[in-house]
1. Does at least one position in the stretch 56-65 carry a residue that is in contact with a Phe, Trp or Tyr (Cβ under 6 Å, 6 or more places away or on another chain) and over 20 Å from PRO143 (Cβ atoms)?
2. Among the listed residues VAL303, VAL345, which satisfies the condition of being within 18 Å of VAL227 (Cα to Cα), open to solvent by less than 40 Å² (accessible area, probe 1.4 Å) and in contact with a strand residue (DSSP E or B) (Cβ under 8 Å, 6 or more places away or on another chain)?
3. For the stretch 327-342, what are the residues that are in contact with a strand residue (DSSP E or B) (Cβ under 7 Å, 6 or more places away or on another chain) and not β-branched (Val, Ile, Thr)?
4. If we scan the stretch 191-198, do we find a residue that is touching a Ser or Thr at 6+ places or on another chain (Cβ under 6 Å), assigned to a helix (DSSP H, G or I) and closer than 22 Å to ASN308 by Cβ?
5. For residues that are within 12 Å of the ligand (Cβ to nearest atom) and part of a loop (DSSP other than H, G, I, E, B), scanning just the stretch 142-166, find the one that is surrounded by the fewest Cβ atoms within 10 Å (Cβ to Cβ).
6. Quick one: which of THR305, THR401, THR391 is among the polar types (S, T, N, Q), modelled with pLDDT of 95 or more and in contact with a Cys (Cβ under 9 Å, 6 or more places away or on another chain)?
7. List, please: which pairs have Cβ atoms under 7 Å, are six or more places apart or on different chains, and start with a residue in the stretch 128-141 that is of a type in the set (Lys, Arg) and end with one that is open to solvent by 10 Å² or more (accessible area, probe 1.4 Å) and not in a helix (DSSP H, G or I)?
8. Do we have ASP389 as assigned to a loop (DSSP other than H, G, I, E, B) and of a type in the set (D, E, K, R) here?
Amino acid sequence: MALSHSIYDSPVFLQACHQFDAAADIIGMDAGVRERAKYPRRTLIVTLPVRMDSGKVETFEGYRVQHNISTGPAKGGIRFHHDVTLGEVAALAMWMSWKCSLVGLPFGGAKGGVVVNARDMSNGELERLSRRYMQEIATFIGPHLDIPAPDVGTNEQVMAWMMDTYSNHVGHFDPGVITGKPVALGGSLGRKEATGEGVAWFTKAYLADMGLKTSDSTVVIQGIGNVGSETALALTAAGAKIVGISDFTGGITNPKGINIPDALAYIAKNRSLQGFTGGESLTNDQLLELPCTVLIPAALERVITEQNAGKLKCRLLAEGANGPTTNEADRILAQRGDIELIPDVLCNSGGVIVSYFEWLQNQSAYYWTKEEVFDKLHKMLAKAKASVDETKAKYQCSRRTAALVLGISRVAEAKAKRGLFP
Ligand code: GLU
């Protein structure tokens with residue numbers, strides 16, 4: 001396929017393609033299926049005029065990329081970030097396809113994004129932007145077509161505004177159009193904690209496989225947003241010591257252990273970690289090189305790079321974020337051979353698994369207890385972990401490639417069996 005679009009030159013998209021090719025090579029994927037499986041199925045670009053509090057109208061750019069709809073409705077979050085690009089959203093949509101397929105969800109993969117610094121917006125401006133975005137993508141999505149969810153920079157409240165806008169558009173309450181909603185509006189118990197709960201579950205399971213005790217482990221978390229904070233709370237409850245955390249303003253470290261509830265209360269009040277006195281300040285780059293048992297990147301892509309991969313001092317790298325490790329860094333880590341890696345599509349899959357549970361509960365209007373949600377979640381995580389480790393042993397490949405082999409195989413099979421249209 002001759003491609004002229006610059007989105008496919010994006011470093012994140014190329015990173016995802018490189019990972020895909022490594023897995024496709026292993027299973028000898030047919031060239032025709034390979035091209036169809038790699039590039040997004042549909043992409044929508046929207047222009048969003050929003051009236052700001054000043055009275056002026058500002059225009060924002062937004063995207064929704066449906067990477068794959070061969071295995072079910074597309075599924076994936078919406079990111080609000082000033083650096084979002086279409087190529088990045090396309091890569092994130094591709095990773096959603098492999099993640100959903102790997103853990104056996106009846107979904108394809110999608111992602112959305114709006115180029116905006118939501119931190120600088122008032123609540124009213126954020127509501128108007130969220131509603132306008134949903135208004136523009138409403139005909140492109142739906143509970144059986146494409147189901148968005150939160151991602152970096154969006155939260156339950158944003159999901160509530162979007163669900164309300166969509167419901168007004170179709171003329172009835174339709175909570176299954178979006179997941180990660182507040183519980184009062186059809187959200188699932190445990191969805192808020194789900195991604196971090198899953199990251200912590202995998203961390204504990206792999207530490208045990210390595211013969212290490214969680215209660216003797218030290219943990220560094222880069223990015224203390226929804227995923228990072230829930231991971232920190234779950235690992236603290238399991239006895240681990242969190243010795244480093246960070247946000248976009250920088251990090252703090254404390255070898256005696258950071259008081260996570262105090263840090264989270266400080267962030268809730270001050271809107272950032274800056275000025276928190278529970279440890280020594282350091283930069284995000286320094287934080288990644290701290291000695292620790294477990295390093296958890298839980299923010300954006302491409303933070304473990306050629307520059308720092310050789311300097312990491314962890315035993316286990318648990319990818320809470322999507323795409324945190326570049327292809328070059330992957331190569332260096334493989335050469336080192338002393339760090340176990342839990343790849344993103346496996347490690348952070350708890351979020352979309354509980355999104356699936358939320359969607360199921362919305363379809364049946366019958367709601368589960370948090371215990372039921374976590375019990376079902378843990379079972380799915382255990383099954384996915386066992387399949388990935390079995391595939392890794394079978395092909396003698398990296399854990400990332402093993403996870404992707406599983407992820408892409410099902411999508412490729414669905415495409416081959418359905419024919420050319422889906
Ligand atoms: N944004 C999350 C992810 O990257 C969750 C997606 C979802 O729940 O649909 O996995």
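1. Taking every residue of the stretch 56-65 in turn, at least one turns out to be in contact with a Phe, Trp or Tyr (Cβ under 6 Å, 6 or more places away or on another chain) and over 20 Å from PRO143 (Cβ atoms).
2. Criteria check complete, one pass: VAL303.
3. Those that are in contact with a strand residue (DSSP E or B) (Cβ under 7 Å, 6 or more places away or on another chain) and not β-branched (Val, Ile, Thr): ALA329, LEU333, GLU340, LEU341.
4. no
5. Per the stated criteria, the residue is ASN155.
6. Every option except THR391 fails the conditions.
7. Partner pairs satisfying both residue conditions: ARG128/ARG51.
8. Considered against the rule, which asks whether it is assigned to a loop (DSSP other than H, G, I, E, B) and of a type in the set (D, E, K, R), ASP389 comes out as no.
The values are calculated or read from the model by the stated rules, or taken from the named source; none is laboratory data. Remember, predicted model here, so these are calculated numbers, not experimental data. Don't worry about glycine lacking a Cβ; one is built from the backbone with ideal geometry, like all the others, and counts go over all protein chains shown. We work out accessible area using only protein heavy atoms, side chains counted, and drop any ligands, DNA or RNA first. Shrake-Rupley method; radii C 1.70, N 1.55, O 1.52, S 1.80 Å.
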